[in-house]
1. Between residue 178 and residue 225, what FRET efficiency comes out of the Förster formula 1/(1 + (r/R0)^6) with R0 = 25 Å and r the beta carbon distance, rounded to 0.05?
2. Which value in nm describes the separation of the simple spin-label points at residue 36 and residue 254, placed 7 Å from the Cα toward the beta carbon?
3. Between residue 127 and residue 209, how high is the FRET efficiency from 1/(1 + (r/R0)^6) when r is the Cβ-Cβ distance and R₀ = 30 Å? Nearest 0.05.
4. Please work out the C-alpha center-to-center distance from region 82-101 to region 149-215 and express it in whole Å.
5. So for the pair residue 49, residue 170, with labels modelled 7 Å out along Cα→Cβ, what separation do we get in nm?
6. Hey, can you rank 52-62, 72-82 by average C-beta count inside 10 Å, highest first?
7. Can you compute the helix-only [θ] at 222 nm over the chain? Use -39500 (n - 2.57) per DSSP H run of at least 4 residues, normalise by all residues, nearest 500 deg cm²/dmol.
8. So if R0 is 41 Å, what FRET efficiency would residue 25 and residue 194 give, r being the distance between their Cβ atoms, rounded to the nearest 0.05?
Ligand SMILES: Cc1cc2nc3c(=O)[nH]c(=O)nc-3n(C[C@H](O)[C@H](O)[C@H](O)COP(=O)(O)O)c2cc1C
């Protein structure tokens with residue numbers, strides 16, 4: 001039996017048909033959706049976007065959006081494609097959310113291809129004027145790549161437990177924090193403690209908000225969420241292709257997860273995560 005989300009120990013019985021109704025006078029999501037709509041009269045925004053698209057100085061700056069942790073210990077990742085006889089169709093059809101893991105560690109090669117296929121740089125494009133753009137497996141609004149991938153290593157071969165930033169430009173993990181953070185991750189995903197304790201890695205997608213909002217304003221937040229969804233699907237299919245088991249995690253506690261990653265939760269915040277482990281024998 002798969003563990004369900006949310007776990008019954010998180011359910012407050014004072015809510016429900018007889019409990020207090022949520023305050024539905026103002027819906028922040030409706031307000032946000034209105035505020036982030038594109039409309040034909042928004043000419044200053046279009047002029048700004050056109051300027052960003054054509055200015056050599058701006059293009060040169062935004063062609064290097066990647067965060068690096070200077071001086072951090074790094075782990076070089078292999079860049080091997082999973083060898084599978086399965087067709088693309090069978091991988092798509094076979095992907096199911098998997099939450100029951102055996103506790104067998106994830107191999108370094110599997111981790112390398114997970115991140116490479118998830119959001120690795122696959123081609124470097126000369127944009128002129130000295131700007132080179134690293135294009136990745138997932139699409140990105142305006143090629144601004146606001147999403148960072150943090151790899152929380154719980155149980156993997158060849159990578160000590162800890163929190164790592166995935167440096168796509170070098171295909172390395174840069175160590176943010178060494179040590180076993182399993183119980184801190186449990187605090188961030190309390191409804192699924194058993195799953196966290198048996199997983200191999202948790203890949204968290206955060207958004208560096210100014211990297212996308214400087215160009216697209218409020219619309220940029222939508223773009224960041226959409227991009228995280230593209231990357232998550234790549235990660236889940238890459239896991240499936242390698243015989244690993246993965247599940248999208250949207251039900252995390254924001255502040256504990258941001259704290260674990262060292263993010264302020266405003267300029268950079270965790271948006272979405274994918275848990276991956278070795279499947280339990282069925
Ligand atoms: C945005 C989003 C958030 C999700 N969050 C969680 C989560 O926090 N925990 C979990 O176990 N599953 C989560 N899921 C997985 C869904 O429960 C799962 O995709 C759904 O039950 C359909 O099953 P399938 O993925 O096997 O097709 C999430 C899925 C999406 C798309």
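Quick note: the coordinates plus some simple rules give every number you see, no bench work behind them. Just so it is clear, the structure is predicted and the values come from calculations on it, not from any experiment. For neighbour counting, all protein chains shown are included, and Cβ atoms are generated from backbone atoms with ideal geometry for every residue, glycine included.
1. 0.25
2. Taking the simple label geometry, residue 36 and residue 254 are separated by 1.2 nm.
3. The pair residue 127/residue 209 has a calculated efficiency of 0.80.
4. 22
5. Label at residue 49, label at residue 170, 3.6 nm between them.
6. 72-82, 52-62
7. Mean residue ellipticity, 222 nm, calculated: -10000 deg cm²/dmol.
8. 0.60
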